[in-house]
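Quick notes on the structure that follows.
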Amino acid sequence: MLTQTDSKTLAYVNLFAVLGTLENLCELVPEAKDLLKDKPPISIGFTVKHGPKATLFFVDSCCHIEEGCSPCTIKLPFSSCEKFNGLMTGTVTPIPSKGFTKISFLLKTFVPLTDMLAKYLKPSQEDLANVAFRETSTKLTLYTAASAIAQVGNQDQSGKFSSGLMPDGDIAIDVTDVMGITLKIKDHHLTALRKPCDKPRAAMTFSNLEIARQLLNGEASAMACICNGSIAMRGMINMIDNMNRILDRVGQYLSV
Amino acid sequence: MTFPIYNYPKSQEVFKRAFKVIPSGIYGHQGPSEGCYIPHDAFPLFSSRAMGSHFWDLDGNDYIDYMCGYGPNVLGYRDPDVDDAALEQSKKEDCVTIPSSIMVDFAELLVDTVACADWAFFAKNGNDVTSLAVITARAATHRKKIVFFNSYYHGVSPWTQKLDYPGILEEEVCNNLYVNFNDYPALQKLFAEHKGEIAGLIAQPYMHGNFADNFFPDEGYWQKVRKLCDDHHVVLIIDDVRAGFRLDLAGSDHYFGFKADLICFCKALANGYNVSALCGNDSLKDVVSSLTYTGSYWMSAVPFAAGIACINKMKVLNTPKLFEKLGKDLTDGFVAAAKNNDFQLVVSGAPSLFYLRLADDDSLMLHQQWIAACVKRGIFLTSHHNHFINAALTHEDIKKSIEIAEDAFNALRHHSTSLSFNYHL
Ligand SMILES: Cc1ncc(COP(=O)(O)O)c(C=O)c1O
């Protein structure tokens, strides 16, 4: 157990897991879709020195993220991982190196979208009282956590130790009858796919969204849930065991 | 032949109470999570009594038990000779201010029995003595590093855990070096890279890890490792907590033709009575004397009496030879039962500690379905861990076990041709 986090891993988590969840926000939340309605295609490239690079594409009211940032309309360079992480906490204002004419998209669409995402990922008790909000919040948190598992497993010292012990194959992370996520492991490198798994080598299944929510925000322990059957595991349990060790570490990054 | 399917309403009722007052309800390897109860409701959770090679759960379901309490049950539950010896001793004394002289009798018996032992030190759990072995190696060499073979298990003290385990600090595992078993060049390289830094190498006598076929040392491997340790003045520790006395009563190092500096015993030492032992060679006796290491119950007399009776009975029965035969008869029957149903069952490790894997699916899901189907019909197996043979196992037990395995394979075969996924066969 490491007690400190590192800013490079945090930058990967922030970009691919947190901003990457804009994909799901635009799919699940009608207000997010509305913000993008009738907008021409636009893309925002993030390039972080000694850190991650990725582009968010906004096309036809949908969003998707890709690694790298060569073909983008707006480019946001950051001189360090710390600076990029500052964007996420609101302490750093980005200055585009390309796409000045599209700055209104940043201010009028992108910022409201990220604010909306934050509302779902760090929900208030009042918002959670609304059942529909609570469900969407849990789904988005689960997508974020799963893709953060991949980032932490690839970047963080403890995460790399855990992924170093994982054999190749796909892990299915499912909520029964609600959603599915795939975590792919190949040569100890992890990739999270925001879609159900066809042929898992191991599966971790939450019996319902509420259990997933409690586990992700630390109200319940995975061990205890497995013991009482509210989380079921099957297949190569050692893969899930290592994934859960990374998930513990993800908690340290997402609570930053 | 078809067998009735078990249910566990009473176990499940008690588990609900347990969940409120005990972390996880049942924590550790004897619980649903680490015990890999898949699905969780296919397994009994609490036992009510045990006898010979069987135990009965809270609902009265009868199991032929191939986990043997994860090893301690070596002669059969409630073995009369061991229980009588323990009862006699308990009438005299058990946990007293100064030790009973029966401790010396037990130490002498171990020194006579275990090939590499010149002395014995007693504690309670396997973890107590693997930890003592590591402390001893460090005290003897004034070095920090310990070499482990990947997929090891040596207990739960912080030094045995890993960087990514909750509550374990980096500083507690930063002197652990990892290498693959049987890869001698990698071990040589590691010793060269850390020349003068390695205190000890700790190893199970062969790889009896989880989720993977168990495997033996290559021809001559241990002899090369022994020499490498000698050349580098590294203490060679054999963790015989699991395999001890099931392969060879003189120690598993003896079985593989080499001599350990320190050897750790626990599980099969006293047929379930609570005692563990570290044995070692003379050169390390004074080092152990110099350590601060003791515990409230470590000199209790009853487990010593049980241990003496257990070892003497294992000698009379020649349990390693007996287990080899029983384990082979059983697993040959399992393999044939699998084949009759077009499955391929792979058996690995020593027959007395056999490990099972269905080779028809690399996710182990099919295997887990079969294991669950066996448990629900009355043989207690696990899907991820090696099993254990005990001396009370009868030919009738083996015959019935094979019939149950066959029935479970048959259910699996009919099920796997249908499309739905369901563990409840
Ligand atoms: C090889 C080995 N070493 C050490 C231990 C730890 O023993 P205990 O659980 O008695 O502390 C075990 C227990 O399963 C074991 O199998």
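The values are calculated or read from the model by the stated rules, or taken from the named source; none is laboratory data. Everything quoted here is computed from the prediction, not taken from an experiment. In this analysis, Cβ positions are derived from the backbone assuming ideal geometry, glycine residues included, and neighbour counts consider all displayed protein chains. When the accessible area is computed, the model is the full protein with side chains, heavy atoms only, and any ligands, DNA or RNA have been set aside. Shrake-Rupley method; radii C 1.70, N 1.55, O 1.52, S 1.80 Å.
Do we have residue B:110 as modelled with pLDDT of 95 or more, more than 14 Å from chain A (Cβ to nearest Cβ), surrounded by 14 or more Cβ atoms within 10 Å (Cβ to Cβ) and within 16 Å of the ligand (Cβ to nearest atom) here?
No: the conditions fail for residue B:110.
If you check B:363, B:383, which single one turns out to be within 14 Å of chain A (Cβ to nearest Cβ), in contact with a helix residue (DSSP H, G or I) (Cβ under 7 Å, 6 or more places away or on another chain), assigned to a loop (DSSP other than H, G, I, E, B) and more than 23 Å from residue B:271 (Cβ to Cβ)?
That would be B:383, the only listed residue that is within 14 Å of chain A (Cβ to nearest Cβ), in contact with a helix residue (DSSP H, G or I) (Cβ under 7 Å, 6 or more places away or on another chain), assigned to a loop (DSSP other than H, G, I, E, B) and more than 23 Å from residue B:271 (Cβ to Cβ).
Mind checking which residues of the stretch A:206-220 are open to solvent by less than 30 Å² (accessible area, probe 1.4 Å) and within 13 Å of chain B (Cβ to nearest Cβ)?
The answer is A:220, and nothing else.
Can you run down the residue pairs with Cβ atoms below 9 Å, 6 or more apart or on separate chains, where the first is in the stretch B:12-32 and within 9 Å of chain A (Cβ to nearest Cβ) and under 12 Å from residue B:46 (Cβ atoms) and the partner is of a type in the set (Gly, Ala, Ser) and open to solvent by 100 Å² or more (accessible area, probe 1.4 Å)?
none
For the stretch B:82-99, state whether one or more residues are in a helix (DSSP H, G or I) and more than 30 Å from residue B:322 (Cβ to Cβ).
Taking the stretch B:82-99 as the starting set, the residues that turn out to be in a helix (DSSP H, G or I) are B:82-92.
Adding the requirement that they be more than 30 Å from residue B:322 (Cβ to Cβ) leaves B:91-92.
Yes, the stretch B:82-99 has at least one match.
Against the conditions (1) over 26 Å from residue B:150 (Cβ atoms); (2) surrounded by 19 or more Cβ atoms within 10 Å (Cβ to Cβ); (3) among the small types (Gly, Ala, Ser), where does residue A:255 fall short? Just the number, please.
(2)
How many residues does the stretch B:209-244 contain that are away from the ligand (no atom under 13 Å from the Cβ) and within 21 Å of the chain's Cα centre (by Cα)?
Number satisfying all stated conditions: 8.
Would you pick out the residues in the stretch B:184-198 that are outside any loop (DSSP other than H, G, I, E, B), buried (at least 17 other Cβ atoms within 10 Å of the Cβ) and out of contact with any Phe, Trp or Tyr (no Cβ under 8 Å at 6 or more places or on another chain)?
Passing the criteria: B:187, B:190, B:191.
Among the residues of the stretch B:265-273, is any more than 16 Å from the ligand (Cβ to nearest atom) and not aromatic (Phe, Trp, Tyr)?
There is no residue in the stretch B:265-273 that is more than 16 Å from the ligand (Cβ to nearest atom) and not aromatic (Phe, Trp, Tyr).
Among (1) open to solvent by 50 Å² or more (accessible area, probe 1.4 Å); (2) away from the ligand (no atom under 16 Å from the Cβ); (3) within 14 Å of chain A (Cβ to nearest Cβ), there is one condition residue B:150 misses while meeting the rest; what is its number?
Residue B:150 satisfies all of (1) open to solvent by 50 Å² or more (accessible area, probe 1.4 Å); (2) away from the ligand (no atom under 16 Å from the Cβ); (3) within 14 Å of chain A (Cβ to nearest Cβ) except (2).
Take the residues in the stretch B:118-139 that are outside any strand (DSSP E or B), of a type in the set (A, V, I, L, M) and in contact with an Asp or Glu (Cβ under 9 Å, 6 or more places away or on another chain), then tell me which one is nearest to the ligand (Cβ to nearest atom).
Step one: filter the stretch B:118-139 for residues outside any strand (DSSP E or B), giving B:118, B:124-139.
Then keep just the ones that are of a type in the set (A, V, I, L, M); that gives B:129, B:132-135, B:137, B:139.
Then keep just the ones that are in contact with an Asp or Glu (Cβ under 9 Å, 6 or more places away or on another chain); that gives B:129, B:133, B:137.
On the way: B:129: 8, B:133: 10, B:137: 16 Å.
So the residue we want is B:129.
In the stretch A:225-252, which residue that is open to solvent by less than 30 Å² (accessible area, probe 1.4 Å) and touching a Pro at 6+ places or on another chain (Cβ under 7 Å) is farthest from the other protein chains (Cβ to nearest Cβ)?
Result: A:239.
Just to be sure, is residue B:398 of a type in the set (Val, Ile, Thr) and in a helix (DSSP H, G or I)?
yes
Go through the stretch B:2-25 and give me each residue that's assigned to a helix (DSSP H, G or I), open to solvent by 90 Å² or more (accessible area, probe 1.4 Å) and not basic (Lys, Arg).
Passing the criteria: B:13, B:21.
Only one of these conditions is not met by residue A:183: (1) more than 8 Å from chain B (Cβ to nearest Cβ); (2) without any contact (Cβ under 8 Å) to a residue 40 or more places away in the chain. Which number is it?
Going through (1) more than 8 Å from chain B (Cβ to nearest Cβ); (2) without any contact (Cβ under 8 Å) to a residue 40 or more places away in the chain one by one, residue A:183 breaks only (2).
Mind telling me which of the residues B:201, B:177, B:163 ends up being more than 16 Å from the ligand (Cβ to nearest atom) and in a strand (DSSP E or B)?
After applying the criteria, what remains is B:177.
Just the residues that are assigned to a loop (DSSP other than H, G, I, E, B) and either more than 9 Å from chain A (Cβ to nearest Cβ) or touching a His at 6+ places or on another chain (Cβ under 6 Å) (or both), please, taken from the stretch B:33-44.
B:35, B:36, B:43, B:44
Taking residue B:294 and the conditions (1) open to solvent by 30 Å² or more (accessible area, probe 1.4 Å); (2) within 16 Å of the ligand (Cβ to nearest atom), which numbered condition does it fall short on, given that it satisfies the others?
Evaluating residue B:294 over (1) open to solvent by 30 Å² or more (accessible area, probe 1.4 Å); (2) within 16 Å of the ligand (Cβ to nearest atom) leaves (2) as the failure.
Here are the criteria: (1) within 14 Å of chain A (Cβ to nearest Cβ); (2) within 14 Å of the ligand (Cβ to nearest atom); (3) open to solvent by less than 40 Å² (accessible area, probe 1.4 Å). Tell me which single one residue B:158 does not satisfy.
In the conditions (1) within 14 Å of chain A (Cβ to nearest Cβ); (2) within 14 Å of the ligand (Cβ to nearest atom); (3) open to solvent by less than 40 Å² (accessible area, probe 1.4 Å), residue B:158 misses (3) alone.
Could you list, in sequence order, all residues of the stretch B:246-261 that are more than 13 Å from the ligand (Cβ to nearest atom) and either in contact with a His (Cβ under 8 Å, 6 or more places away or on another chain) or open to solvent by less than 10 Å² (accessible area, probe 1.4 Å) (or both)?
Residues satisfying the conditions are B:248, B:251, B:253, B:260.
Please go through (1) within 14 Å of chain A (Cβ to nearest Cβ); (2) closer than 24 Å to residue B:284 by Cβ; (3) touching a strand residue (DSSP E or B) at 6+ places or on another chain (Cβ under 7 Å); (4) not aromatic (Phe, Trp, Tyr) for residue B:213 and return the number of the only condition it doesn't satisfy.
Evaluating residue B:213 over (1) within 14 Å of chain A (Cβ to nearest Cβ); (2) closer than 24 Å to residue B:284 by Cβ; (3) touching a strand residue (DSSP E or B) at 6+ places or on another chain (Cβ under 7 Å); (4) not aromatic (Phe, Trp, Tyr) leaves (2) as the failure.
Looking at B:35, B:28, which is the one that is within 23 Å of residue A:236 (Cβ to Cβ) and loosely packed, with under 15 Cβ neighbours inside 10 Å?
Just a single option satisfies the conditions, and that option is B:28.
Does any residue of the stretch B:312-323 turn out to be surrounded by 21 or more Cβ atoms within 10 Å (Cβ to Cβ) and without any contact (Cβ under 8 Å) to a residue 40 or more places away in the chain?
Checking the stretch B:312-323: not a single residue is surrounded by 21 or more Cβ atoms within 10 Å (Cβ to Cβ) and without any contact (Cβ under 8 Å) to a residue 40 or more places away in the chain.
Could you grab me the full set of residues in the stretch B:274-287 that are outside any loop (DSSP other than H, G, I, E, B), closer than 16 Å to residue B:111 by Cα, away from the ligand (no atom under 16 Å from the Cβ) and not hydroxyl-bearing (Ser, Thr, Tyr)?
Across the stretch B:274-287, the qualifying residues are B:280, B:282, B:284, B:285.
Quick one: which of B:336, B:372 is open to solvent by less than 10 Å² (accessible area, probe 1.4 Å) and either touching a Gly at 6+ places or on another chain (Cβ under 8 Å) or modelled with pLDDT of 95 or more (or both)?
Result: B:372 is the single residue among B:336, B:372 that is open to solvent by less than 10 Å² (accessible area, probe 1.4 Å) and either touching a Gly at 6+ places or on another chain (Cβ under 8 Å) or modelled with pLDDT of 95 or more (or both).
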